[in-house]
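Note sheet for the following structure.
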Amino acid sequence: MRPETADLLRLLSLERLERDLFRGESRDIGNPQVFGGQVLGQALTAAHATVDARRVHSLHAYFLRRGDVNAPIVYEVDRSRDGHSFSSRRVVAIQHGEQIFHMAASFQTDEPGLEHQIDAPPVPPPESLPDLRAVVADQAAALPSAAQRLLKRDTPFEFRPVEPIDYRSPRVEAPVQHVWFRVTDPLPPDEDLHRCLLAYVSDYHLIGTALRPHGLSMASPDLVIASIDHAMWFHRPVRIDDWLLYAMDSPSAANMRGFARGSIYARDGRLIASTAQEGLLRRVPRAPARS
């Protein structure tokens, strides 16, 4: 197992302080704050630890404050309800004595029932597409140092975009994006672990989709970008160490907020999960150059 994958699994292995109180480490992935996917994955791990024989089927989260990458995060779980088929949990993430995040999650006993889904979009297979790291490597020299640090960092995930972006000079494109992704190391067949990892990685690329019709990218120097909220629904079992397709679109951007939604498909076309996210997209005027 690669060190990056082992470290991510350690990141999701929380320390239990009390019955419903957990502590997690933080990681610097190149952002000025804790990566939102980390808090999502850890909060879901904490909630799972208080539920027996049920799996998460939905979560709804708000990011309240920037997380400090140099400090641990404490997760407090409220056991809101355990019913006949469903369990509800509320998780609050605390750092330096303040709430930085809260999430509601619902868990359900596996039950057979009606099934349907929309078809996966027709896209090229991942084997025919370049790795995102190779795309970034060709562009890195022309990017700001902060963007280089974020984009060039080794991760346990492999991303293969169907519509690669030129981070140096992004063009105006339709607000649609498709990205194949997977964890590159084999993982144990633990469904709860795979869903927590899927929550972690679901924070990638969504808000970037809302930038495409404006000729901007996550590396644009005059932008302040931050996740505001994140919702996710889990429909079917997932293996995150096999290829998954993230099909995203952005129906709207207004009032300095961009909205994006995504569908996550397995390689065989099964719809695994759905996501929705709203993020801050604030343009910051550049300071005039001094003569």
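The values are calculated or read from the model by the stated rules, or taken from the named source; none is laboratory data. Remember, predicted model here, so these are calculated numbers, not experimental data. Cβ atoms come from the backbone with ideal geometry, glycine included; neighbour counts cover every protein chain shown.
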Note to self: So if I check each of Val183, Val176, which one is touching a strand residue (DSSP E or B) at 6+ places or on another chain (Cβ under 8 Å), of a type in the set (A, V, I, L, M, F, W, C) and surrounded by 19 or more Cβ atoms within 10 Å (Cβ to Cβ)?
What the structure shows: Val183
Margin query: Taking the condition of being free of Cβ contacts under 8 Å to residues at least 24 places away in the same chain, farther than 19 Å from Val56 by Cβ and under 23 Å from the mean Cα position of the chain (by Cα), how many residues in the stretch 91-121 meet it?
Written below: 1
Next item on the list: Scan the stretch 215-236 and give yes if some residue there is under 20 Å from Val183 (Cα atoms) and surrounded by 19 or more Cβ atoms within 10 Å (Cβ to Cβ), otherwise no.
Entry: yes
Note to self: It is to be established whether one or more residues within the stretch 140-159 are closer than 29 Å to Glu25 by Cβ, of a type in the set (D, E, K, R), surrounded by 15 or more Cβ atoms within 10 Å (Cβ to Cβ) and modelled with pLDDT of 85 or more.
What the structure shows: yes
Item checked: Candidate set from the stretch 30-58 (those that are loosely packed, with under 14 Cβ neighbours inside 10 Å and either assigned to a helix (DSSP H, G or I) or not small (Gly, Ala, Ser) (or both)); member that is nearest to the chain's Cα centre (by Cα) -> Pro32
Notebook entry, point to check: How many residues does the stretch 13-24 hold that are surrounded by fewer than 17 Cβ atoms within 10 Å (Cβ to Cβ) and either in contact (Cβ under 8 Å) with a residue 24 or more places away in the chain or of a type outside the set (Asp, Glu) (or both)?
Noted result: 6
Checklist line | Yes/no for Ala254 being more than 14 Å from Ala199 (Cα to Cα), surrounded by fewer than 16 Cβ atoms within 10 Å (Cβ to Cβ), modelled with pLDDT of 95 or more and not acidic (Asp, Glu) | finding: yes
